[in-house]
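Some notes on the structure that comes next.
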Amino acid sequence: MFEFKINATQGRARTGILKTPRGDIRTPAFMPVGTAATVKALTVPQVKATGADIILANTYHLMLRPGGERLKRLGGVHEFMRWDKPLLTDSGGFQVWSLSSLRTITEEGVTFASHIDGSRHKLTPESCMDIQADQIGSDIIMQLDECTKFGSTHKEAQDSMELSLRWGQRCKNHFGDRETQNLFGIVQGSVFPGLRERSAKSLVDMGFDGFAIGGLAVGEGHETMCEVIDFTVPHLPNARPRYLMGVGKPIDILESVARGVDMFDCVLPTRAGRHGQAWTWDGPINIKNAKFIEDLSPLDSAVNCEASQNYSKAYLNHLFKCGEILGQTLLSWHNIAFYQDMMQKIRAAIAGGYFDEFANELRAKWK
């Protein structure tokens, strides 16, 4: 179990360090998403320059291409992509949920058709552990779960949550105890407080190294997401990291930190960047808008990133109008740097005892 030290708190918000053999993760932390062993449009040195301590990759995509056994022969994802810092892998449960027309779920696991070529594959709790731990070589590994769809009935959510708990125990049994890798359980239960409480307490009893809140950012909306976090976090131990999966917009992260969450991931910064949207301290802007055609100001000179400081909005507007790939790279780079800058300022605000004031100022701008 990695050492997790909380250095300061304000209300439920907290800042600390999760120590891993590949380096410290400063929390609250945002993990750029490198689904297929790449943070889209960016080089590893660019990602490192933003201040990211950890990135995320995806089991489902990597097991299909290039394949788990091949990855193992190539030295695992760290060696493959030349990333020497911590790596977390999603179990693939979310992709199984999103590709519902291509899969069948049983007690044993999930059988699905590849979205690439239609070939058939099976993912069980045991094989999910083998792929993440031994083939990909992740530092933080997620249990296999079923992501409960939003809008489920109480019975559907309960059945799904209970399946995830049984899979979680199988993952824990197969994973065993490892000094250089951690295994996180995933709390499910949709929007039902009783189910979330039962899921969280059961996972704590199983003895996971950290705990994720899953089944959010699937259409429930910001306010409902906050409510679910409110009634889930109190059932998770203070001494272990809490990870909100697949979230999100800056306001989502800010409100989740205020509720005691430590770790986040989302494709939004790079996906938005590829489509011309840049996140700033005053909210998002669309660089393709005509008002930027002759705007010589940078995206944000206060963000410590070459893309943020050294290129004018007019130039970026031109790149997108011309369909130049460089525009997508620069906006993705800026967005990741902005998110890391945001996390650093959040950590400083908690440590300095002014997080409430900091958060209220941003709420007025971002809502």
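Does S138 satisfy the criteria of being part of a loop (DSSP other than H, G, I, E, B), touching a Leu at 6+ places or on another chain (Cβ under 6 Å) and in contact (Cβ under 8 Å) with a residue 24 or more places away in the chain? Explain how you work it out, then say what you get.
Values: part of a loop (DSSP other than H, G, I, E, B): yes; touching a Leu at 6+ places or on another chain (Cβ under 6 Å): yes; in contact (Cβ under 8 Å) with a residue 24 or more places away in the chain: yes.
Judged against the criteria, S138 is a match.
Consider D282 carefully, then state whether it is surrounded by fewer than 15 Cβ atoms within 10 Å (Cβ to Cβ) and closer than 18 Å to K365 by Cα. Show your work before the answer.
Working: surrounded by fewer than 15 Cβ atoms within 10 Å (Cβ to Cβ): yes; closer than 18 Å to K365 by Cα: yes.
For D282, the condition - surrounded by fewer than 15 Cβ atoms within 10 Å (Cβ to Cβ) and closer than 18 Å to K365 by Cα - is met.
Tell me, please, whether a residue that is of a type in the set (F, W, Y) and modelled with pLDDT of 95 or more can be found in the stretch 156-167.
Residues of the stretch 156-167 that are of a type in the set (F, W, Y), as a first pass: 167.
With the extra rule that they be modelled with pLDDT of 95 or more, the set shrinks to 167.
Yes, that holds for at least one residue.
Cβ-Cβ contacts under 7 Å between residues 6 or more apart (or on different chains), taken from a first residue in the stretch 337-359 that is of a type in the set (K, R) to a second residue that is surrounded by 22 or more Cβ atoms within 10 Å (Cβ to Cβ), are listed as R347/T15; R347/P28.
Scoring H275 on the criteria (1) surrounded by fewer than 21 Cβ atoms within 10 Å (Cβ to Cβ); (2) of a type outside the set (V, I, T); (3) farther than 25 Å from E220 by Cα leaves a single failure, condition (3). Quick check, is V257 in the same structural domain as R12 (by TED's automatic domain parsing), among the aliphatic types (A, V, I, L, M), part of a helix (DSSP H, G or I) and surrounded by fewer than 23 Cβ atoms within 10 Å (Cβ to Cβ)? No; evaluated as a whole, the condition is false for this residue.
Applying the condition of being in contact with a Cys (Cβ under 8 Å, 6 or more places away or on another chain) and part of a loop (DSSP other than H, G, I, E, B) to the stretch 178-217 and asking which residue is surrounded by the fewest Cβ atoms within 10 Å (Cβ to Cβ) yields A217. Report, by residue number, each residue of the stretch 315-328 that is touching a residue at least 12 places away in the same chain (Cβ under 8 Å) and in contact with a Gly (Cβ under 7 Å, 6 or more places away or on another chain). Answer for the stretch 315-328, where residues must be touching a residue at least 12 places away in the same chain (Cβ under 8 Å) and in contact with a Gly (Cβ under 7 Å, 6 or more places away or on another chain): L316, F320, Q328. Count of the stretch 274-289 residues, restricted to those that are under 21 Å from Q344 (Cα atoms) and touching a residue at least 24 places away in the same chain (Cβ under 8 Å), is 6. The condition (being surrounded by fewer than 23 Cβ atoms within 10 Å (Cβ to Cβ) and not in a loop (DSSP other than H, G, I, E, B)) is satisfied by just one residue among A41, A36, A133, A57: A133.
Close Cβ contacts (under 7 Å, 6 or more residues apart or on different chains) running from residues in the stretch 37-56 that are at negative phi to residues that are assigned to a loop (DSSP other than H, G, I, E, B) and surrounded by fewer than 19 Cβ atoms within 10 Å (Cβ to Cβ) comprise V44/R82; D53/K85; I54/K85. Within the stretch 294-314, residues that are touching a residue at least 24 places away in the same chain (Cβ under 8 Å) and assigned by TED's automatic domain parsing to the domain that holds D282 have Cβ atoms under 6 Å from residues that are surrounded by 15 or more Cβ atoms within 10 Å (Cβ to Cβ) and assigned to a loop (DSSP other than H, G, I, E, B) in these pairs: S308/L299; S308/D300; K313/D295, counting only partners at least 6 apart in sequence or on another chain.
Considering only the stretch 14-33, state which residues are closer than 27 Å to P66 by Cα and in a loop (DSSP other than H, G, I, E, B). Let's see the steps before the verdict.
Within the stretch 14-33, the first condition is being closer than 27 Å to P66 by Cα, and the residues that meet it are 20-23, 30-33.
Answer for the stretch 14-33, where residues must be closer than 27 Å to P66 by Cα and in a loop (DSSP other than H, G, I, E, B): P21, R22.
The values are calculated or read from the model by the stated rules, or taken from the named source; none is laboratory data. Here the structure is a predicted model, which is why all the values come from computation and not from measurement. When we count neighbours, we look across all protein chains shown, and the Cβ atoms used for this are built from the backbone with ideal geometry, even at glycine.
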